Amino acid sequence: MKKSAAAYVLWLFLVVCLYFFENDTGTRTVLICSLLVPLLPPLREVFFPKHTPGQSEKAQIRTDTVPSPDEEPGDIRPYRAGDPVRLIHWKLSARTGKLLVRETEVLPGDILRERKNALPVKDAGEGKGKKLLLLILALMLICILTVTLLPEVRRSAQALCNRIFAASEKNNAYAYTYFPVGEDQSILPAVLAGIVFLALYAAGALLLHSRIPFLMLAAACALTQVYFGLALPVPVTVTVYSLAAAGTAARPLRPRAPAILLSAVLCVYVFTAVLIPGRDGRTEAASEKARDLAARFEMQITGLRPETKEEDTTARHLHHRSLSEGMGKAAAGREFRQVTLEEEEISMPSWTDSLRVLLLSLSALALLILPFVPFYLWDRRKKAVLEKKRPFASENVNEAVCAIFGSVIQWLEASGHGAGNLLYRDWVSRLPDLFGEGYRKRFLECAMDFEEAAYFSLPLSEDKRQRAMALLSETENVLWKAAGMKRRLIIKYRKCLC
Amino acid sequence: MHPELEKVIREAEKVISGKRDIIEKILTAMLAEGHVLLDDITGVGKTTLAVALSRAVGLSFRRVQFTPDVLPSDLTGFSMYDSASGEFIYRPGAVSGANLMLGDEINRASSKTQSALLEAMEEKQVTVDGRTYPLEHPFMVIATENCVGTAGTQPLPYAQMDRFLVKLTMGYPDYRAQMEILRERQSEDPIKKVSAVMSKEDLAAMQLSVRSVEMTDAILDYITRLAMASREHSCVEIGISPRGALYISQMARARAYLEGRGYVTGGDVQAVFGDVCGHRILLKEDAGCSAGQVLSELLKKVENPDRRILFPGKKKK
């Protein structure tokens, strides 16, 4: 739930920014649609679904541990040995005569099961998925290389940029420096490459099972638009942002979600196109001022002096942009001056230009990927933890006891209370005062259970597993209570169950 | 703790107070069908302990005080010409008919006597004049060595020490135990208070079941790694022999049985390691450390099986 809300807020911020700088029918449609999301129940369902079984938002499950009486209670299942007693649904148990537990609390085994339900790809084709992801990354790289290195494709990309500039110029008062390519240059290769790139990106994002790549894509799009003052044709705007939004819908996707989204966007589009078309003068003026301010600020920072005179900036000015010139000097591209028809010739891009473009593309790609690296790592860690906890619920109690006890040992070691190469039953004497007498007794019991589990072929009884689980949770509690801020972060990371 | 063996220990403790661990160790060696070398000063109760144990377990007891002129035939027996029947008849020696034999000051015996005893220990039989006589079953030797006053002694060669399962030291009793000894000896000989709580058949059966104590590969791996590490240790000339490793496993099994467990743990191995291997490693002349130090260092250094089982991937340097 928290994640959905955060994603929504981020999205809204993007869209408002976009609307502020490029206010036209398209961005207005996007903005209205976004604002409608929490208000219209069907739309809300798509992005913030209520808790349903097999849903991956753990945080949400945890928040509503107490189901209201009239509500359908969360998952109820028969009591299994090892379930915490506090999870027992006493009311229902009394009614049915059997012990029933709520599956609202996330138990190690349950998380696993839930994840399995929710994210089939992740669990099933683990290695395959990773390989696929790498392949996609490689293909994306190839795409970029193709665009930057093959002259034909590069020219076509420049032609595409020219088209976009031309389209933008119709909508705003900026003049763009066009790339020196012929009018008849085909844009097909660049369009194809772009489509392939986007498709690959979308595939990778879907494979990651994260909404962040889509958010990042929308952000990248919006920032590019704002920075370069590009105004895309209305249908393009609507399509691009709708697709990005669809990517951020809650998983697992409901079958009706695309239809709901599509109809909502269409309705709003028709509404805005008919009732409030065109640009909003006041917003336009405000955004112009903001651009001016930003430009001045930028020039102060970069030390570049505007070639324009004072009266020019106050007048409605023309925004000059040149991709090939500007990007080398980062912010330097923002210059204000009267654009005359006999604009200076742009020198043919030399190989250094290609290099620049390549580097920029790579850094753009890095920008698109880097933000997820922590998430990816976190996710991997989480998976590793779950994987480690898998044997806890194993049929084989011996294996389970070993695994649980091993986890206790890891906890102690991680918090610096380990006794190294001592036999675990001897660790008792090395435990710090933090652990009380009772804990030591239980630790010793579990250490002996562990020895029996490890060195004896006879299966242990089920209560040994519970004893070990109890020890594990006690260990975690004690360490958590004793931990300082930094240590708690480490513990949180180790547990990965936030 | 195994209930019956616990009783044995209780009985023996009536005589030797404050020495529970050594009683346990000797009992363990007994269960492992091994022989014990007691390396100690005189008068700390070696004989008393052996007698008490043999009484509690219900074993027949013999004692030989070794001097340089004890002959092999005194131990193994000899054939004597019987003029009446005109035949040689076999007169059994000290080792025959004994379940538990105490060989006092074995290092004072001549080397051929020593080797006769060692053969009897190893083969559990004696051969006199080409005829082989089996010894009592179970058969166990507790040999003692005196570490002071070694002048004129014949120290056991390294190869013969290897035959003993464990080498133990008793040490002085502490204050309370010493008081206890003084108090108890005032009235009567406490040995008489020891009653048999087991029979030698029971012991034989237990020795059999010790062999079926479960020992997982993790433990075998641990013993092997310990032995290998001892051979590679910088202070050690000759490390633990394969027989030594075998003895560790036997002793560990017996200890697990004594503790009433059906399986060997890493703790068993660690507990018996020092006693089994103390006399098996030969240190370099300029080693500068004792065998005990080397062994405890090995225990510290070699990754224990608990760890191996839980974290098989992590290799400790």
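For residue B:227, state whether it is within 14 Å of another protein chain (Cβ to nearest Cβ) and modelled with pLDDT of 90 or more. Considered against the rule, which asks whether it is within 14 Å of another protein chain (Cβ to nearest Cβ) and modelled with pLDDT of 90 or more, residue B:227 comes out as no. In the stretch A:397-409, the count of residues that are touching a Pro at 6+ places or on another chain (Cβ under 9 Å) and acidic (Asp, Glu) is one or more. Screening the candidates B:45, B:77, B:93 for the property of being crowded, with 17+ Cβ neighbours inside 10 Å, modelled with pLDDT under 85 and closer than 26 Å to residue B:114 by Cα yields one hit, B:45.
This table checks each residue for (1) away from chain B (no Cβ under 14 Å); (2) part of a helix (DSSP H, G or I).
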| residue | (1), (2) |
| --- | --- |
| A:416 | yes, no |
| A:451 | no, yes |
| A:468 | no, yes |
| A:471 | yes, yes |
| A:476 | yes, yes |
| A:481 | yes, yes |
| A:491 | yes, yes |
| A:494 | yes, yes |
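Kindly evaluate residue A:237 against the criterion of being touching an Asp or Glu at 6+ places or on another chain (Cβ under 9 Å), assigned to a helix (DSSP H, G or I) and on the phi < 0 side of the Ramachandran plot. Yes: the conditions hold for residue A:237. Condition first: outside any strand (DSSP E or B), polar (S, T, N, Q) and within 30 Å of residue B:9 (Cα to Cα). Can you find one or more residues in the stretch B:75-97 that meet it? Yes. Just one of the listed residues (B:236, B:269, B:302) is of a type in the set (Val, Ile, Thr), out of contact with any strand residue (DSSP E or B) (no Cβ under 8 Å at 6 or more places or on another chain) and surrounded by fewer than 23 Cβ atoms within 10 Å (Cβ to Cβ), namely B:302. Scanning the stretch A:418-436 for residues that are over 24 Å from residue A:465 (Cβ atoms) and either free of Cβ contacts under 8 Å to residues at least 40 places away in the same chain or assigned to a helix (DSSP H, G or I) (or both) yields A:419, A:420, A:421, A:422, A:429, A:430, A:432, A:433. Taking into account only those residues within the stretch B:150-188 that are within 24 Å of the chain's Cα centre (by Cα) and among the hydroxyl-bearing types (Ser, Thr, Tyr), which is farthest from residue B:67 (Cα to Cα)? Only one residue fits best here, namely B:172. Among the criteria (1) in a loop (DSSP other than H, G, I, E, B); (2) under 23 Å from residue A:170 (Cα atoms), the one residue A:222 does not fulfil is (1). Within the stretch B:128-161, the residues that satisfy the criterion of being hydroxyl-bearing (Ser, Thr, Tyr) and in a loop (DSSP other than H, G, I, E, B) are B:150, B:153. When the stretch A:230-249 is examined, which residues are found to be hydrophobic (A, V, I, L, M, F, W, C), more than 26 Å from residue A:288 (Cα to Cα) and crowded, with 22+ Cβ neighbours inside 10 Å? Listed by number, the residues that qualify are A:244, A:245, A:249. Do you know which of the residues in the stretch A:423-448 that are out of contact with any Asp or Glu (no Cβ under 9 Å at 6 or more places or on another chain) and aliphatic (A, V, I, L, M) is nearest to the other protein chains (Cβ to nearest Cβ)? Here the residue is A:448.
Taking the stretch A:453-466, which residues are within 14 Å of another protein chain (Cβ to nearest Cβ) and over 17 Å from residue A:424 (Cβ atoms)? Of everything in the stretch A:453-466, those that are within 14 Å of another protein chain (Cβ to nearest Cβ) and over 17 Å from residue A:424 (Cβ atoms) turn out to be A:457, A:458, A:459. Identification of helices (runs of 4 or more DSSP H) wholly contained in the stretch B:230-317 with 1 or more residues that are aromatic (Phe, Trp, Tyr) and more than 9 Å from chain A (Cβ to nearest Cβ) yields B:242-258, B:266-277.
Of the helices (runs of 4 or more DSSP H) lying entirely inside the stretch A:114-197, those carrying at least 1 residues that are modelled with pLDDT of 80 or more are A:126-149, A:151-171. Looking only at the stretch B:208-224, residues that are within 13 Å of another protein chain (Cβ to nearest Cβ) and of a type outside the set (A, V, I, L, M) come to 6 in all. Here residue A:272 meets each of (1) over 22 Å from residue A:40 (Cβ atoms); (2) in contact with a Ser or Thr (Cβ under 8 Å, 6 or more places away or on another chain); (3) of a type outside the set (A, V, I, L, M) with one exception, condition (1).
The values are calculated or read from the model by the stated rules, or taken from the named source; none is laboratory data. Note that the structure is predicted; figures quoted are calculated from it, not measured. When we count neighbours, we look across all protein chains shown, and the Cβ atoms used for this are built from the backbone with ideal geometry, even at glycine.
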